[in-house]
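Novice: Can you read through this structure? Questions will come right after.
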């Protein structure tokens, strides 16, 4: 005789557990079968040509035990799987609280569970019926005996009064594909089961186009100082058909406990990313995974999974570009040398170029119809812009290639997240700096140039834009009006009064008799209201400096540093007298016992230095040697190099150069 049970929680809580999509609901029933070590799961459905009228799920697992079924169905959280992590067949368990069976109500209003267990040739079965209208009161039948030879182990779930919308969503093509996607990773760990829908097996292998894996171990310091190592596997699966681009949080065997949107631009690549770890399963067992992103380790793993997805997309794009690039090389129009990249920088450059070139071939109208000469010109333009102006690359993508907005954003994200554009920009900046050091040597010391260079008309305007020469602290700065006014007030110490005219005039060639010029810039010291002022006093290349000029700049520095417009406790002054040569008296003055050569005066808020151009350029070159090595940049000192400096500062150089 059937016995009425009562689920001992509030009805509204039970109702909340029945809400799910059709795919999620049937997935929970499949997981129940897999947790019972089923190897065959048959899903059958009937229709009346308009909608699904009945659903049946039959498995050959070990079935439900009669004596524990009453407890399991009466109390949510009472599942006998709660304290176990593996099935009798040694599979990792998906369920833990017995709530998944209630998801069946998302498929229909009348649910019957029939469990059969065969032991020693004798079979017994019982049924549990659930009715949505009496959702708190399932009924359980008596344990019944089968005739000898009848029946087989397993559970049959029969669903009637079917929910049309959810059921139809399962058995349309997309629903079946979603099921293949959900169970594919688990199938890779346990390829011993099959799932069939009306006799047609789900295919967990042919729907996978490509796979990629990375193993990462997170190290966490415990309160006792010991390091705990937590292994994670990141699996990217690319599908042969359209999929929901999701991120799955899985056990180490691929059982998905939680899913979220991937949140990465993948273009036409149909991928899902699966994070596999025993740590995720532990959180799931403790019901902590639902707020997994609040866990530091899960948050870090999520960010890493997205980075791996971006890397995968970039590499796949590069693979697709290979055939196209190979054709460009065969035609002789690939704008890089037909040799292997000489270093990592050039390798990164080529990879960026290959991706852009592929987009160009796909989206630039008429490119494929161009002759070889036209293609070569276009490709060379892309290469030059990429190497010299990565910001300009966006304009080329939009206006020349006419790349769609989503493709531009997709490509920009790949470049930004992988720092390839940063490598290209850094390469150009360091190359230009090394070249500038060399070319300034030419201007200052080469017999063909040094007598033509004037500090006001030429040299000071170049130096003003290349203040990194004086140190890495002076890469960025801004002229300050107040600073300028302070300097003007004390020009008597330098024995001149036409500071404004010298600095501001466009053509001051008639001022050749003026012996020097002052440059200035102000830099933040990293704290609000604190500044460092750099003041540079230039001498023309053919001027040999003596002690008079040293005393002038020291007196100037002392007077300026005392000015109340710049509070001493918040302002640091650096004065540099920049010369080409000095007489013996000046050299002697530069040799102070307690300081480095050239450090001729120092107080709490200012320092005064004399720097020789040759020493300054050598120091600047030395600071960039490590970058020079990294970029494998081997600069050739020849006359051709002057053209870069001329192109950057042509308005400041004599026409004869």
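The values are calculated or read from the model by the stated rules, or taken from the named source; none is laboratory data. Keep in mind that this is a model prediction, so the values were computed, not measured. Counting neighbours? That spans all protein chains shown, and the Cβs are built from the backbone with ideal geometry, glycine included.
Novice: Run down 342, 383, 311, 373 and say which single residue is out of contact with any helix residue (DSSP H, G or I) (no Cβ under 9 Å at 6 or more places or on another chain), modelled with pLDDT of 75 or more, on the phi < 0 side of the Ramachandran plot and part of a helix (DSSP H, G or I). Walk me through it before giving the result.
Specialist: Numbers: 342 fails: part of a helix (DSSP H, G or I); 383 fails: out of contact with any helix residue (DSSP H, G or I) (no Cβ under 9 Å at 6 or more places or on another chain); 311 fails: out of contact with any helix residue (DSSP H, G or I) (no Cβ under 9 Å at 6 or more places or on another chain).
Of the residues listed, the single one that is out of contact with any helix residue (DSSP H, G or I) (no Cβ under 9 Å at 6 or more places or on another chain), modelled with pLDDT of 75 or more, on the phi < 0 side of the Ramachandran plot and part of a helix (DSSP H, G or I) is 373.
Novice: Looking at region 317-333, is at least one residue surrounded by 14 or more Cβ atoms within 10 Å (Cβ to Cβ), under 22 Å from residue 207 (Cα atoms) and modelled with pLDDT under 90? Even if it seems obvious, please write down each step before you answer.
Specialist: Here is the first cut: in region 317-333, the residues surrounded by 14 or more Cβ atoms within 10 Å (Cβ to Cβ) are 317-318, 320-321, 324-325, 328, 333.
Imposing the further condition that a residue be under 22 Å from residue 207 (Cα atoms) reduces the set to 317, 320.
So of that shortlist, the ones also modelled with pLDDT under 90 come out as 317, 320.
Yes.
Novice: Right, something else. Checking residue 564 against (1) assigned to a helix (DSSP H, G or I); (2) at pLDDT below 85, which single condition isn't satisfied?
Specialist: Every condition holds for residue 564 apart from (1).
Novice: Separate question: Just name the residue that is surrounded by the most Cβ atoms within 10 Å (Cβ to Cβ) out of those in region 605-623 that are in contact (Cβ under 8 Å) with a residue 60 or more places away in the chain and over 28 Å from residue 530 (Cα atoms).
Specialist: Looking at the filtered set, the residue picked out is 613.
Novice: Out of 175, 254, I need the residue that is out of contact with any strand residue (DSSP E or B) (no Cβ under 9 Å at 6 or more places or on another chain) and either buried (at least 18 other Cβ atoms within 10 Å of the Cβ) or assigned to a strand (DSSP E or B) (or both). Which one? Working first, answer last.
Specialist: Details: 254 fails: out of contact with any strand residue (DSSP E or B) (no Cβ under 9 Å at 6 or more places or on another chain).
Just one listed residue meets the conditions, 175.
Novice: Among (1) loosely packed, with under 12 Cβ neighbours inside 10 Å; (2) modelled with pLDDT of 65 or more; (3) outside any helix (DSSP H, G or I), which single condition is residue 520 missing?
Specialist: So residue 520 meets the others, but not (1).
Novice: Go over the candidates 267, 225 one by one and state the one that is over 21 Å from residue 93 (Cα atoms), surrounded by 12 or more Cβ atoms within 10 Å (Cβ to Cβ), outside the structural domain of residue 43 (by TED's automatic domain parsing) and modelled with pLDDT under 85.
Specialist: On the way: 225 fails: surrounded by 12 or more Cβ atoms within 10 Å (Cβ to Cβ).
267 is the lone residue from the list that is over 21 Å from residue 93 (Cα atoms), surrounded by 12 or more Cβ atoms within 10 Å (Cβ to Cβ), outside the structural domain of residue 43 (by TED's automatic domain parsing) and modelled with pLDDT under 85.
So that you can scan it fast, the table gives a plain yes or no per residue for (1) crowded, with 23+ Cβ neighbours inside 10 Å; (2) at pLDDT 90 or above; (3) in a helix (DSSP H, G or I):
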residue	(1), (2), (3)
29	yes, yes, yes
44	no, yes, no
55	yes, yes, no
63	yes, no, no
67	no, no, yes
71	no, no, yes
76	no, no, no
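Results for (1) more than 38 Å from the chain's Cα centre (by Cα); (2) under 24 Å from residue 20 (Cα atoms); (3) touching a residue at least 60 places away in the same chain (Cβ under 8 Å), shown as yes or no for each residue.
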site	(1), (2), (3)
157	yes, yes, yes
160	yes, yes, yes
164	yes, yes, yes
178	no, yes, yes
182	no, yes, yes
186	no, yes, yes
196	yes, yes, yes
200	yes, no, no
205	no, no, no
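Novice: While we're on this one: Being part of a helix (DSSP H, G or I) and either farther than 24 Å from residue 33 by Cα or in contact with a helix residue (DSSP H, G or I) (Cβ under 8 Å, 6 or more places away or on another chain) (or both) is the requirement here; does residue 322 meet it? Walk me through how you get there before you give the answer.
Specialist: Numbers: part of a helix (DSSP H, G or I): yes; either farther than 24 Å from residue 33 by Cα or in contact with a helix residue (DSSP H, G or I) (Cβ under 8 Å, 6 or more places away or on another chain) (or both): yes.
Yes, satisfied.
Novice: Related question: What number of residues within region 555-583 satisfy the criterion of being in contact with a strand residue (DSSP E or B) (Cβ under 6 Å, 6 or more places away or on another chain) and surrounded by fewer than 18 Cβ atoms within 10 Å (Cβ to Cβ)?
Specialist: Residues flagged as in contact with a strand residue (DSSP E or B) (Cβ under 6 Å, 6 or more places away or on another chain) and surrounded by fewer than 18 Cβ atoms within 10 Å (Cβ to Cβ) within region 555-583 amount to 2.
Novice: Limited to region 158-168, what total is found for residues that are part of a strand (DSSP E or B) and surrounded by 22 or more Cβ atoms within 10 Å (Cβ to Cβ)?
Specialist: Residues in region 158-168 being part of a strand (DSSP E or B) and surrounded by 22 or more Cβ atoms within 10 Å (Cβ to Cβ): 2 in total.
Novice: Looking at residue 171 and the list (1) assigned by TED's automatic domain parsing to the domain that holds residue 26; (2) without any contact (Cβ under 8 Å) to a residue 12 or more places away in the chain, which single condition is not satisfied?
Specialist: Here residue 171 clears every test but (2).
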